[in-house]
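Here's the structure we're looking at; comments come further down.
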Amino acid sequence: DGYLIIWGGEDIHPSIYDQEPNGSYVRGDVPSERDRKEMNLISAAMDLGMLTVGICRGAQLCCAMAGGKLAQDVSGHGNSHPIVPNNGRTFVTSSVHHQMMYPFAVEHEMVAWSHQRRSLRYQGLTALEIEVMKGIEPEIVYFPKQRFLAIQGHPEFMPENCSFNDLCRELITHYG
């Protein structure tokens, strides 16, 4: 029972998803101490069968640990914007990230996405990967095999009882 929450912060090291730095703001050639600690926490949660809820950086780390990758630098996600969950309702999410999850090569459920293309660049992705992203910029992704709920936006930046936070609570209950 229970769940692990991994919060936002600096970029995760691209070596976690088998890439070289290409637009990422990491320092050094290896994952940071924080990267390593959080990967250990997530692995322990997986061993216990717990849900891991990743927020922003945490969502990106969950995506990478599930076998996905990141666009290491995107534009258009530095402010709040609408997202469309798979239930069809539109919500506003907070958005302060320059990296984006790319879960399309692994088992996942796309829970919510930007309702329109926001980024003008997807640094670190191939032309084919960028083509896959057209019209679907991931905002909330569930990785069923790992039990990761990856939420790109920041619930803590939004009013407590807003529709986005209501959706986040519903998803944690649903997947937990």
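The values are calculated or read from the model by the stated rules, or taken from the named source; none is laboratory data. Keep in mind the model is a prediction, meaning the values are calculated, not measured. Note that each Cβ is placed from the backbone with ideal geometry, even for glycine, and that neighbours are counted across all protein chains shown. Keep in mind that these areas ignore ligands, DNA and RNA; they rest on the heavy atoms of the full protein, side chains included. Shrake-Rupley method; radii C 1.70, N 1.55, O 1.52, S 1.80 Å.
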Note to self: I need every pair where a residue in the range 3-21 that is assigned to a loop (DSSP other than H, G, I, E, B) has its Cβ under 6 Å from the Cβ of a residue that is surrounded by 20 or more Cβ atoms within 10 Å (Cβ to Cβ) and charged (D, E, K, R), sequence separation at least 6 or different chains.
What the structure shows: 8/57; 9/57; 12/35; 13/35
Checklist line | Complete set of residues in the range 27-72 that are at pLDDT below 95 and out of contact with any helix residue (DSSP H, G or I) (no Cβ under 9 Å at 6 or more places or on another chain) | finding: 27, 28
Margin query: Looking at the range 3-27 only, could you name the residues that are open to solvent by 50 Å² or more (accessible area, probe 1.4 Å) and more than 15 Å from the chain's Cα centre (by Cα)?
Written below: 3, 18, 19, 20, 21, 22, 25, 27
Note to self: Between 106, 96, which is closer than 13 Å to residue 150 by Cβ, hydrophobic (A, V, I, L, M, F, W, C) and not in a strand (DSSP E or B)?
What the structure shows: 106
Next item on the list: Output yes when any residue across the range 134-151 is under 16 Å from residue 63 (Cβ atoms) and either loosely packed, with under 13 Cβ neighbours inside 10 Å or without any contact (Cβ under 8 Å) to a residue 24 or more places away in the chain (or both), and no when none is.
Entry: yes
Notebook entry, point to check: Does residue 57 count as charged (D, E, K, R) and surrounded by fewer than 19 Cβ atoms within 10 Å (Cβ to Cβ)?
Noted result: no
Check: Scanning the range 109-133 for residues that are part of a strand (DSSP E or B) and not hydrophobic (A, V, I, L, M, F, W, C), which turns out surrounded by the fewest Cβ atoms within 10 Å (Cβ to Cβ)?
Finding: 109
Next item on the list: Just give me the residues in the range 70-101 being among the β-branched types (Val, Ile, Thr), more than 15 Å from residue 170 (Cβ to Cβ) and crowded, with 19+ Cβ neighbours inside 10 Å, in sequence order.
Entry: 74
